[in-house]
Amino acid sequence: MRIYPHINTGESPGLEGLLHINMTKDTVDFLIIGGGVIGLNIALQVKRRFADCSIALIEKESYCGAHASGRNSGVLHAGFYYTADSLKARFTRDGNKLMREYCAEKGIPLNQCGKLVVARDETDLAGLDELLRRGKHNGVELSDITEQDAREIEPRVKTHQRALFSPTTASVNPVDVMKALATDAQDQGINIRTNTAYLRRSNGGVTTNQGDIQAGYIVNAAGLYADKIAKDFGFSQDYAIIPFKGLYLYSNEAPGSLRTNIYPVPNLNNPFLGVHYTLTADGKVKIGPTAIPAFWREHYHGFNNFKPSECLEILHREASLWWHNDFGFRRLASEELKKYHRPRMVNIAATLLTGVKPEHYTHWGKPGIRAQLINTKHRKLEMDFRYEGDNKSFHVLNAVSPAFTCSMALGEFLVNQTFFG
């Protein structure tokens, strides 16, 4: 079995060993931990390859997609932000196409509005050139256009001399996608067990709040807790997840007040794309997101989901990042915390668009938490997808944006690497 493209981790257990294990009352061939978009897509890919196998997917919440997968922006990215040697570059373009085709097949509303990336001043022009170069290397359709061309696409846009236009960027309601994927999984005979939380590794399987499950092979796609679970299996030794809270401000303007998504040139040294305008599937406008360091992994509202030991662990790690100022964490945290102040968020967004009025932006949307992996050995953010595993288990450690866009192509790749690499 080969878990990494160039690292052979040992002998394969053999398909017979996986598909014909000694069945007991609660034994399955494959166990997937986590009912997000990655977990569901991996489960579906496994079922396509091993039609006769038994698959259980456990999800600690009452439905699939309760966290990042159902709370993300819904933007289907095109794939021009990422360096050509990255997994993100490899799968965003193809994932975008697969997701758009899936939405068409399932009748899920899709806003194919595209995206403008604008230059705020002269210093952003080099960034536009770099994005254009990456888009070309990645085989992504991307146009270098004039300021006048940009205004024909969106009359209210502000840009300096030039802009980029991405016609394949689109928006969807992620909740609709998650419902469709969960239905597909159940229709394929995948046993989705909600309200079933992983507690610890046990001999030959896992212990949950609903009892023990024996499994021939275990896949960990647990998002915010992927690093914790991986450590139980001897992995994620040099990694830890830091949660970042993302919030959007919604406009009360009528749908159609904006024609396309509008993004600034991002700081390519970190994985966050800056405050931007996003069109939802139904044409509404929102600005954001924030990337505020959270104090525990599911720190959505007040003290909901508060866990003292987890809070202490996260605060200790964030304090260390602040003290050492790794990857500019001090400035990042300070700037992001200021975005809690609604007028500041609106002022930042107003650099991209004319006619922006604070009274249009009064409602904060549902927060999401980004499960951002940090390399604790080298003290840096992990910019790409990361995974580890062996012939008994596989762990998706870093599946952050644009993982929702990539999910179908990425899920196929991960299953291929695990069993056929």
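The values are calculated or read from the model by the stated rules, or taken from the named source; none is laboratory data. Predicted model, so just to flag it, every value in this text is computed and none were measured. With ideal geometry, Cβ positions are generated from the backbone for all residues, glycine too; neighbour counts draw on all protein chains shown. Accessible surface areas use protein heavy atoms only, side chains included; no ligands, DNA or RNA. Shrake-Rupley method; radii C 1.70, N 1.55, O 1.52, S 1.80 Å.
Looking at the range 349-379, which of the residues that are assigned to a helix (DSSP H, G or I) and open to solvent by 50 Å² or more (accessible area, probe 1.4 Å) is nearest to Ala399 (Cα to Cα)? Within the range 349-379, the match that is nearest to Ala399 (Cα to Cα) is Pro358. Scanning the range 272-287 for residues that are crowded, with 23+ Cβ neighbours inside 10 Å and either under 30 Å from Leu312 (Cβ atoms) or aromatic (Phe, Trp, Tyr) (or both) yields one hit, Tyr277. Are any of the residues in the range 392-403 open to solvent by 40 Å² or more (accessible area, probe 1.4 Å), farther than 23 Å from Tyr248 by Cβ and touching a residue at least 12 places away in the same chain (Cβ under 8 Å)? Scanning the range 392-403 turns up at least one residue that is open to solvent by 40 Å² or more (accessible area, probe 1.4 Å), farther than 23 Å from Tyr248 by Cβ and touching a residue at least 12 places away in the same chain (Cβ under 8 Å). Number of residues in the range 114-137 that are touching a residue at least 12 places away in the same chain (Cβ under 8 Å), closer than 28 Å to Ile38 by Cα and open to solvent by 20 Å² or more (accessible area, probe 1.4 Å): the value is 2. Could we say that Ala180 is open to solvent by less than 70 Å² (accessible area, probe 1.4 Å) and either in contact with a helix residue (DSSP H, G or I) (Cβ under 7 Å, 6 or more places away or on another chain) or outside any helix (DSSP H, G or I) (or both) here? Yes.
Select, from Ile218, Ile153, Ile192, the only residue that is surrounded by fewer than 23 Cβ atoms within 10 Å (Cβ to Cβ), of a type in the set (A, V, I, L, M, F, W, C) and either free of Cβ contacts under 8 Å to residues at least 40 places away in the same chain or touching a Lys or Arg at 6+ places or on another chain (Cβ under 8 Å) (or both).
Details: Ile218 fails: surrounded by fewer than 23 Cβ atoms within 10 Å (Cβ to Cβ); Ile192 fails: either free of Cβ contacts under 8 Å to residues at least 40 places away in the same chain or touching a Lys or Arg at 6+ places or on another chain (Cβ under 8 Å) (or both).
After ruling out the rest, the residue left standing is Ile153.
Among Gly355, Gly302, Gly328, which is at pLDDT below 95 and farther than 26 Å from Ala119 by Cα?
Working: Gly355 fails: farther than 26 Å from Ala119 by Cα; Gly328 fails: farther than 26 Å from Ala119 by Cα.
Answer to the check: Gly302.
Within the range 76-94, the set of residues being in a loop (DSSP other than H, G, I, E, B) and in contact (Cβ under 8 Å) with a residue 24 or more places away in the chain comprises His77, Ala78, Gly79, Phe80, Tyr81, Tyr82, Thr83, Ala84, Ser86.
Being open to solvent by 20 Å² or more (accessible area, probe 1.4 Å), acidic (Asp, Glu), part of a loop (DSSP other than H, G, I, E, B) and closer than 30 Å to Glu152 by Cβ, is that true of even one residue in the range 249-256? Looking through the range 249-256, at least one residue is open to solvent by 20 Å² or more (accessible area, probe 1.4 Å), acidic (Asp, Glu), part of a loop (DSSP other than H, G, I, E, B) and closer than 30 Å to Glu152 by Cβ.
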